[in-house]
Amino acid sequence: MDNKDKGSETQQKMWGGRFEALPSEALQAINASISVDQKMWREDIDCSVAHANMLAAQGIISETDKVAIIGGLEKITSQIENGEFEFSIELEDIHLNIEARLTEMIGEAGKRLHTGRSRNDQVANDFKLWTRRALQSTITQIESLQNILVNRSEQHFDWIMPGFTHLQTAQPVTLGHHLLAYVEMLERDNFRLNNAFHNAGECVLGSAALAGTPFPIDRETVAQELGFDCPNANSMDGVASRDFALEALGALSIAIVNLSRLADEIVLWSSPQFGFARLSDDWSTGSSIMPQKRNPDAAELIRAKAAKICANSNALLMILKGLPLTYSKDLQEDKVLVFGAFEDFWLSITAMRGMMETITFNRENMLKAAKLGYSTATDLADWLVRELGLPFREAHHIVGAVVKHAEQNNYPELALMPLSEFQKIDARISEAALSLLNVEASVSSRTSLGGTAPNNVKMQIEKWKDEHE
Ligand code: ARG
């Protein structure tokens, strides 16, 4: 008997009671999910252990059967951990693979494990448990990136760089402030991921095929044993819903889009044209033809991974759209999307942590760039408002003329233009105004709540550290 025949025979035993012919090869190929869902083998076993414990406690199976089942599942755990478990495509998915092996090992008792449950509640619950664990791990990884960013901010709290709008020089800012912006964005990402975790707090196991079960099961205990908040209230909702996965993907999509923006800054900053930053050797790649190149491949790939994660999120929305209650096999395609999204995210954030830990910044180049583009023009307008009581619009107009004059007379910075030139535009501009037009004065003046002044940045860092100890 070759392997294929053996597998098919096992399949017959799992659900083939009413069939005379075996599934065609192409049906088997489109139907099998084992290559994907074997990733949640641990969750499948954890849920089965909780289920078996409950069945025995409720007197639905015997204590002896329970001991055999749990012993068997422990053996399967170590077989999978040691790479000794052979996953078979004939057995479709992780649930049937484990159940068939269990029965092979312990006989009759293995066949009793499926009492009072169905693959429909089993798959939904395994998947939910996997997603909850993935969310928790993601939150921890984001926290660790935040810590790196806070440390890098602290080291550069007063380093001056241009702040951009439209990628045009806008106003000078501090690098510490710029990096802290990402810490805030990631904080909201974690908030969203944490919400997704809590919204996935209902245990689905016990919903059975769709309508519940006549067995006197105890769903509260199962929920508790698996770390859920409570059992879900409606068995049809339990097996049909995947909004927990949508929420996880939604939160993950926003988080990767945030990471992708930082990745894009790394690409820009490390270009010779910007010259703001240099990736360490272990985070740069070379070109096979141009020996001078230091490419930021990892950052570029994070941008592309963002596209994939968002596409996965959209794909799951489209799978669910128009699906009637309850379970349809369409739902099997949920896992490849969610697993893939988390794996891409984890790879991306690992790369981002590595890059941000080791990237070095070029203080001189950033300072030079901050001075260009008449970045302190707003400071002059603010002075006209403050000291002369001009309406802001009027001040804005005067400074526009000042900038035009500086440009025409080849003064690259307002701070380098003599007072007499300013006074050609408006005689009321005095020496006192000039002293505010250097970039150091500009950033130091921005002390409003959330502003870029180095002292503010220091305070924001202290506050963050206090709140996250
Ligand atoms: N492999 C299936 C999935 O991932 C398990 C549930 C199958 N249920 C069923 N009634 N065929 O969705």
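Any read-out appearing in this document is the output of simple, stated calculations on the displayed coordinates, not a laboratory observation. Computed from a prediction, not measured in an experiment: that's the story for all the values here.
Things to note:
- Net lengthening on full extension, Leu27/Ala170 (0.36 nm per residue, minus Cα-Cα): 45.5 nm
- With Cα atoms as the point set, the radius of gyration and Dmax of segment 13-55 evaluate to 14.6, 39 Å.
- Proportion of all alpha-carbon pairs of segment 272-429 beyond 25 Å (%): 62 percent
- Fully extended contour minus Cα-Cα distance, from Ser328 to Glu394, at 0.36 nm per residue: 17.2 nm
- Counted as membrane-span-like here are DSSP H helices of the chain whose alpha-carbon atoms extend 30 Å or more along the helix's own axis and whose Kyte-Doolittle mean is 0.0 or above; these are 243-269, 297-320, 334-358.
- Shape parameters for segment 5-161, alpha-carbon atoms, Rg then Dmax in Å: 21.3, 77
- Isotropic mean projected area of the C-alpha convex hull, segment 248-332 (nm²): 8.0 nm²
- Values of log10 I(q)/I(0), in the order q = 0.05, 0.09, 0.13 Å⁻¹, for the chain under a Debye, Cα-only, solvent-free model: -0.31, -0.75, -1.14
- Shape summary of segment 60-101, radius of gyration then Dmax from alpha carbon positions: 11.7, 33 Å.
- Only DSSP H runs of four or more residues enter the estimate; each adds -39500 (n - 2.57), and after division by the residues of the chain the mean residue ellipticity at 222 nm equals -20500 deg cm²/dmol.
- Given their separation in residues at 0.36 nm each and the Cα-Cα distance between them, Glu20 and Asp282 gain 88.4 nm when the chain is fully extended.
- Under a 5 Å amide H cut-off, with hydrogens placed 1.01 Å from N, Ala170 pairs with Gly163, Phe164, Thr165 among residues at least 5 apart or on other chains.
- Centroid-to-centroid, using Cα positions, segment 310-388 and segment 44-106 are 41 Å apart.
- Our compactness index for segment 95-152, the C-alpha radius of gyration over the empirical 2.2 N^0.38 Å, is 1.87.
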